[in-house]
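Here's the structure, in structure tokens; my notes come after.
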Amino acid sequence: MVAGMTTSDVIELARKGIFQGKPLHGNVEETHISWVILAGRNAFKIKKPLKLSFLNFSTLERRKHFCEREFQLNSRFSDIYQGVVPIRAQGGRWHVGSGHGKVMDYAVQMKRLLTSRRMDSMLRADKVGLDEIEKLARVIAAFHIYAEKVFLPFDHLQARKTFNDISGI
């Protein structure tokens, strides 16, 4: 990893950080490329400071840019996306959103979904039926029908070279 927040920073932020004047008291869920803090009615997705062949979140500016891009793209499909907020350090405490202190990172702020209503939970509980899958497929298909078409030649060897470090994350 390159300079940026660490897992221990994010855990401390989740447990002791402040959002809108109140403690977060959150829990952290981790993916290969991000941490998600689940706190009350909010979720805060923080991009890990990674540089891989297929993504580059290595600087604060890049993480801010990709948080803004994620918000811009995904808010077209769901109202859970609320914006991009700074994460600040001040007086030995972490703060999310407005306030004073040095900006240490950025997060995509979202409305928190019930864990039981997340697709991964519903799939594990065998609560996703054919109707739900077809509805989701129709939404995705409609998006792709109207999406801008980009025609680039596909170079299989270049693709393998580009994505050869996927298994390492």
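Every number here is computed from the coordinates shown, using simple stated rules; none is lab data. For clarity, every value in this text was computed on a predicted model and none was experimentally measured. Cβ: placed from backbone, ideal geometry, glycine included. Neighbour counts: every protein chain shown.
Any idea what % of Cα-Cα pairs in the chain are farther than 19 Å? Show your work: numbers first, answer last.
Values: 9192 of 14196 pairs.
Counting pairs separated by more than 19 Å, the tail of P(r) holds 65 percent.
Under 17 Å from a label point 7 Å along Cα→Cβ of residue 27: give me every residue in region 112-145 with its amide N that close.
Under cut-off, by backbone N: 112-125.
If packing is taken as the average number of other Cβ atoms within 10 Å across a peptide's residues, how do 42-50, 7-15 rank, most packed first?
On the way: 42-50: 22.0, 7-15: 18.0.
Descending mean neighbour count gives 42-50, 7-15.
Under the Karplus relation 6.51 cos²θ - 1.76 cosθ + 1.60, θ = phi - 60°, what is the ordered set of whole-Hz ³J(HN,Hα) values for region 70-85, x standing for Gly and Pro?
4, 4, 4, 6, 7, 5, 5, 9, 8, 8, 6, 7, 10, x, 10, 10
Pull up all non-local amide H partners of residue 26: gap of 5 or more, or a different chain, and H-to-H distance under 5 Å with H placed in the peptide plane.
15
For the chain, with only Lys/Arg (+1) and Asp/Glu (-1) charged at the beta-carbon, what is the dipole magnitude about the Cα centre, in debye rounded to 20?
Numbers: 27 positive and 17 negative charges, 96 e Å.
With only Lys, Arg, Asp and Glu charged at Cβ, the dipole is about 460 debye.
Net charge within 12 Å of residue 63 by Cβ-Cβ distance, Lys/Arg positive one each and Asp/Glu negative one each, not counting residue 63 itself? Could the numbers behind the result be given before it?
Values: positive: 45, 47, 48, 51, 62, 64, 69; negative: 61, 68, 70, 105.
So the surrounding residues net to +3.
Read phi for every residue in region 98-105 and hand back ³J(HN,Hα) as whole Hz from Karplus 6.51 cos²θ - 1.76 cosθ + 1.60, θ = phi - 60°, with x for Gly and Pro.
5, x, 10, x, 6, 6, 9, 5
Identify the residues of region 44-88 with backbone N under 14 Å of a label point that sits 7 angstrom from the Cα of residue 148 along the Cα-to-Cβ direction, or state none.
Hits in region 44-88 for residue 148 at 14 Å: 73.
Applying the Karplus parametrisation 6.51 cos²θ - 1.76 cosθ + 1.60 with θ = phi - 60° to the phi angles of region 28-44, what ³J(HN,Hα) value in whole Hz is obtained for each residue in order, glycine and proline being reported as x?
Working through the residues one at a time gives 9, 10, 10, 10, 5, 10, 7, 10, 10, 9, 9, 9, x, 8, 10, 10, 10 Hz.
Please work out how many pairs of lysine residues in region 30-169 are eight or more positions apart (or on different chains) and have Cα atoms closer than 18 angstrom.
10
Determine the sum of side-chain charges near residue 100: Lys and Arg each +1, Asp and Glu each -1, restricted to other residues whose C-beta is under 14 angstrom from that of residue 100.
Details: positive: 88, 93, 102; negative: none.
Around residue 100, the charge tally is +3.
Pop the C-beta distance of residue 59 and residue 82 into the FRET formula with R0 = 30 Å and round what comes out to the nearest 0.05. Can you show the working numbers first?
Values: r = 24 Å, r/R0 = 0.80.
That pair, residue 59 with residue 82, gives E of 0.80.
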